[in-house]
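Q: Encoded as structure tokens, here's the structure I'll be asking about.
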Amino acid sequence: MAIRWWRKTRSLSCEDALNVLQSYMDDETSTDTALQVVTHLENCGPCENELHMFRRIKISLSQRSDEVNPVVLDALRRYGERLSNGEPDENGSDTGLI
Ligand SMILES: [Zn+2]
């Protein structure tokens, strides 16, 4: 318990850590702040998870194709195929309306 208290006085609170997390990932914090963030993340699982989540968001934002839901893409593709094949339904009845 004494150790926990000691650490708390030296490192950031969760709120502080999350506030600077974005800047930390963009390398916009001072070395001192970065060190404090790292120290906090080493001792705080939830905040470490936040960092991983932020990283994933950043990666998916940089790879814009990931933003589109693959399920939606697949559904659209199949819909387009069905239209071009002139197959209105799964039961195969071609009414010739399309
Ligand atoms: Zn924390």
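Rule-based calculations on the coordinates, nothing more; no lab input. All values reported here derive from a predicted model rather than from experimental measurement. Quick reminder, even Gly has a Cβ in these numbers, built from the backbone with ideal geometry, and neighbours come from all protein chains shown.
Q: Could you please rank Asp27, Asp16, placing first whichever residue has the fewest other Cβ atoms within 10 Å of its Cβ?
A: The order, fewest Cβ neighbours first, is Asp27, Asp16.
Q: Can you pull the one-decimal nm distance between simple spin-label points at Val72 and Met53, each 7 Å off the Cα toward Cβ?
A: Distance between the two pseudo-spin positions: 2.1 nm.
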